[in-house]
Amino acid sequence: MRQKVILVLLDGLCEQVARECMGSLGAWLKAYKGVWLGVQSELPSLSRPLYECLLTGAAPVESGVLHNGIVRRSNQQSIFALARSQGRITAASAYHWVSELYNHAPFDPVNDRLLDCPECDIQHGVFYQWDDYPDEAVFLDAEMLRRRHDPDFLLIHPMNIDDTGHHYGSDSAQYRNVVRRDDIYLSYFLGSWLQAGYQVIVTADHGMNRDGTHGGLLEEERRVPLVLLGNAFNPDCKAKVAQTEICGLCCELLGLEHHKPFPGGVLNG
Ligand SMILES: [Zn+2]
């Protein structure tokens with residue numbers, strides 16, 4: 001199998017709200033026989049530890065990235081590093097912590113914000129350091145990278161859902177409406193990505209609680225969507241996927257040699 005993969009990481013999106021509010025995603029799921037599997041985040045349900053988990057397969061206790069204040073490069077093998085070392089093209093439109101984990105730490109906005117660097121693990125990037133940088137811009141930056149560089153692995157990582165959750169909590173019109181808005185942005189591009197043969201994974205790092213935080217063990221903090229769209233996925237899949245297996249799933253799709261855990265029964269054939 002050698003597929004191209006787009007990983008959409010909607011920061012701070014709890015599964016229940018995604019299921020209630022993402023009607024366009026539901027439409028594409030039906031049209032393309034996609035599959036909606038939920039996933040439970042590893043602990044603590046915090047951003048930087050779970051970016052590392054999703055992109056390397058290592059749970060926070062294993063990676064040592066246990067809270068958001070740890071500013072250093074990852075010491076784990078990431079999808080970006082595996083893909084680049086095996087001749088694939090990598091790209092990301094993402095929050096600057098992703099640049100810190102896999103390219104340069106600490107983030108230097110002048111040098112690191114807009115990046116074309118063939119020897120970097122993330123070879124083409126647009127990184128932002130503002131929590132209210134518009135999600136629409138994140139999707140547009142990503143689509144620019146996709147059209148310009150034709151990446152094999154593209155990470156798209158908007159922050160406004162998390163940011164709005166911190167201001168208003170998960171049980172708020174504001175939080176739900178930003179999820180609905182991102183559902184529409186996603187719908188601008190999903191059709192063309194699927195028609196171009198991409199395998200698209202939509203998930204989140206962690207959810208959000210009604211107090212406007214996350215980090216704990218509540219269902220709404222840990223339970224996030226895992227939506228798989230593309231012809232490589234088994235539409236009848238009922239597998240229980242661990243968050244630590246999403247990295248390996250991406251590696252399998254990309255056809256990489258790797259030693260990451262990955263879930264059985266999710267892929268066709
Ligand atoms: Zn947050």
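The numbers here are math on the coordinates, done by the rules we state, and not lab data. Model, not experiment: these values are computed from the prediction. Glycine also receives a Cβ, built like all others from the backbone with ideal geometry; neighbour counts cover every protein chain displayed.
Among the Cys residues of the chain, which have no other cysteine Cβ under 4.7 angstrom away?
Cys14, Cys21, Cys53, Cys237, Cys247, Cys250, Cys251
To one decimal place, what Kirkwood hydrodynamic radius in Å is obtained for region 5-254 from all pairs of distinct Cα atoms?
17.7 Å
Please work out how much length the chain gains when fully extended from His149 to Ala31, using 0.36 nm per residue of separation minus the C-alpha to C-alpha distance, in nm with one decimal.
39.7 nm
Take the alpha-carbon centre of region 150-176, take the same for region 76-104, and report the distance between them in whole Å.
Using only Cα atoms to place each centre, the spacing works out to 21 Å.
What is the packing order of peptides 177-190, 232-245, taking the mean over residues of other C-beta atoms within 10 Å and listing the highest first?
In descending order of packing, they fall as 177-190, 232-245.
Run the simple label-point estimate for Lys240 and His166 please: 7 Å along Cα→C-beta, distance reported in nm.
Reported label-point gap for Lys240 and His166 is 3.3 nm.
How high is the relative contact order of the chain? Use alpha-carbon pairs under 8 Å, at least six apart in sequence, and give a whole percent.
Values: 623 pairs, mean separation 93.4, N = 269.
For the chain, the relative contact order is 35 percent.
Cross-link candidates for Lys260: which aspartates and glutamates have Cα within less than 18 Å, leaving aside residues fewer than 8 places away along the same chain?
Glu42, Glu52, Glu62, Asp121, Glu245, Glu252
Looking at region 1-50, which trypsin sites (Lys or Arg not before Pro) are DSSP coil and have at most 10 other C-beta atoms within 10 Å of their C-beta?
Qualifying residues, ordered by number: Arg2.
What 222 nm value per residue comes from the helices of the chain, counting each DSSP H run with n ≥ 4 as -39,500 (n - 2.57) and dividing by all residues, nearest 500 deg cm²/dmol? The partial results should precede the final answer.
Details: 12 runs with 108 residues, N = 269.
My calculation for the chain gives -11500 deg cm²/dmol from helical runs alone.
Applying a 10 Å radius around every beta-carbon, put 214-222, 88-96 in order of their mean neighbour count, most first.
The most tightly packed comes first, giving 88-96, 214-222.
Contour minus end-to-end for Gln195 and Gln86, with contour as 0.36 nm per residue of separation and end-to-end as the Cα-Cα distance?
Extra length from Gln195 to Gln86 when fully extended: 36.7 nm.
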